[in-house]
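The structure appears right after this line, and notes come after that.
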Amino acid sequence: MAKLFQVSTYDALKRGNYDYTISIDYFLRNGDIGLGAYNGLNGEAIFLDGKAYNASSRGFVREMTIPQTGISFGQITKFNPEVDEICLTEVASLEDLKAKLEPVFERKGKNFFYVVKINGTFSSIKVRSFGKQVKPYKPMDEIKEDEKEFTYTNEEGTLVGFFTPSIFKGLSSEGWHFHYLSSSLKHGGHVCELSAAELKYKANMIDKFEVKLPQN
């Protein structure tokens, strides 16, 4: 079974704790697939195949090649690709995708963490990213004006998704949380909505977790 490594908590992030917790280098020692936020809530973090990417609020993606760059919140694990690939068809919305992922829980239920890697061509995908924040930080619900949304059509890419059980609400975002990265490495962000004719996914169950708490 896999282990989830997490930096800070979702409640801390929502309340405005966007400070550096650990470095990208430290974070990536604990896995190769993940999501989160960088220091100062500067864009949306996507970790895929052992690399770190930042989907900025200006609508572009860059690889984060400076290992000392700070992460304020994140979840990461080592993905096992030696599992069955499942095909989904006629995915009408984000909620429809979540419904179609219910078979993931059939064997062990919803009291475990799960990670999914979903690939395909999206008929439409809407993502958002926050702009860089400066101190004194405000809670997330007070900085909506710094949230930028982008919609892309007929684009190939990957969703990185983590499922957090309701018993750990506050530790992370309860239920499914998805970040997107296009195959071109040009577009990405936190997923708000989507549709696709066909998607393929692989899922891993996670039965252990470790949390690195913020020091401030």
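Structural remarks
- So Gly157, is it surrounded by 18 or more Cβ atoms within 10 Å (Cβ to Cβ), in a strand (DSSP E or B), free of Cβ contacts under 8 Å to residues at least 60 places away in the same chain and under 16 Å from the mean Cα position of the chain (by Cα): yes
- Taken over the stretch 111-149, residues that are part of a loop (DSSP other than H, G, I, E, B) and in contact with a strand residue (DSSP E or B) (Cβ under 6 Å, 6 or more places away or on another chain) amount to 1.
- Some residue of the stretch 93-107 being touching a helix residue (DSSP H, G or I) at 6+ places or on another chain (Cβ under 8 Å) and not β-branched (Val, Ile, Thr): no
- Some residue of the stretch 73-86 being out of contact with any helix residue (DSSP H, G or I) (no Cβ under 7 Å at 6 or more places or on another chain), open to solvent by less than 30 Å² (accessible area, probe 1.4 Å) and small (Gly, Ala, Ser): no
- Phe47 vs. criteria over 23 Å from Ser166 (Cβ atoms), assigned to a loop (DSSP other than H, G, I, E, B) and either more than 18 Å from the chain's Cα centre (by Cα) or not β-branched (Val, Ile, Thr) (or both): no
- Boolean, Leu213 is among the hydrophobic types (A, V, I, L, M, F, W, C), within 24 Å of Gln133 (Cβ to Cβ) and open to solvent by 50 Å² or more (accessible area, probe 1.4 Å): yes
- Restricting attention to the stretch 135-154 and to residues that are of a type in the set (Val, Ile, Thr) and either within 19 Å of the chain's Cα centre (by Cα) or surrounded by 15 or more Cβ atoms within 10 Å (Cβ to Cβ) (or both), the residue that is nearest to Arg15 (Cα to Cα) turns out to be Ile143.
- Pair list, Cβ < 8 Å and 6+ apart or interchain, from the stretch 162-187 residues that are acidic (Asp, Glu) to residues that are outside any loop (DSSP other than H, G, I, E, B) and open to solvent by less than 20 Å² (accessible area, probe 1.4 Å): Glu174/Thr164
The values are calculated or read from the model by the stated rules, or taken from the named source; none is laboratory data. These numbers were taken from a predicted model, which means no experiment stands behind them. Cβ coordinates were reconstructed from backbone atoms using ideal geometry, including for glycine residues, and neighbour counts include every protein chain displayed. For accessibility, only protein heavy atoms count, side chains too; no ligands or nucleic acids. Shrake-Rupley method; radii C 1.70, N 1.55, O 1.52, S 1.80 Å.
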